[in-house]
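Rule-based calculations on the coordinates, nothing more; no lab input. None of the values given here were measured: they were computed from a predicted structure. Here the Cβ positions follow ideal geometry from the backbone for every residue, glycine too, while neighbour counts run over all protein chains shown.
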Amino acid sequence: MLEKNTDRRSQVVRHCGLGLGRRAYLSVQRRVACVRRGILRGFTLIEVMIVVAIIAILAAIAIPSYQEYIKRGQIVDGLVPLADMGGKMEQFFQDNRTYEGACAAGTVAPAPANTARFSYSCGSPSKTAYTVTATGAGSMSGFAFTLNQQGQRATTGTPSGWTAGSNCWSARKDGSC
């Protein structure tokens, strides 16, 4: 009985080309029969290339979307100090009945410190009006956002490929808020 099993194994080895080294070439029928028996396992080059193509297509879609997602997050990080500055300007106005001098150092509403992505400026506020600006720097260059005494938010500058929103701070490429 043992000889019969060993004999069968050697027939399968010869039939499927196992043990013959790299020179073993199987006909399609033999290969299919061996695959069905579970003797030959693995992937063909075409199968691997199909998987690589699918991954490449997914990456071509996912990477630009992810980059836009990151940029939208960086926009919000730049707008928080600008909105905070607007609140401080209003507080200064309530205390002094003027916006003049509000952006000076040592007051309630000094301009926020510049960051790696945005620089902030206050301009020259008058008695009844001000405009504070966040201008993009580094990876955010091209963006410019403003806020005035009436609470009007505007996107005054965008890099190429982005649309400026009319009455808001654009946080998306299409100009929506």
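Structural remarks
- With neighbours defined as other Cβ atoms within 10 Å of a residue's Cβ, the residues Arg36, Arg30 order from fewest to most as Arg36, Arg30.
- Rg over Rh [alpha-carbon atoms, Kirkwood Rh] for segment 68-177: 0.99
- Thr107 versus Asn167: modelled label distance in nm, points set 7 Å from Cα along the beta carbon direction: 2.9
- Rounded to the nearest 20 debye, the dipole size of segment 38-177 about its Cα centre is 100 debye, using +1 on the Cβ of Lys and Arg and -1 on the Cβ of Asp and Glu.
- Hz values of 3J(HN,Hα) by residue in segment 52-58 - Karplus curve (6.51, -1.76, 1.60), Gly and Pro given as x: 4, 5, 5, 5, 5, 5, 4
- Normalised per residue, the volume of the convex hull around the Cα set of segment 35-131 (Å³): 154
- 3J(HN,Hα) along segment 127-133: 5, 10, 8, 8, 9, 9, 10 Hz, from the Karplus curve 6.51 cos²θ - 1.76 cosθ + 1.60 with θ = phi - 60°, whole Hz, x for Gly and Pro.
- Fewest-first ranking of Phe145, Phe43, using other Cβ atoms within 10 Å as the exposure measure: Phe43, Phe145
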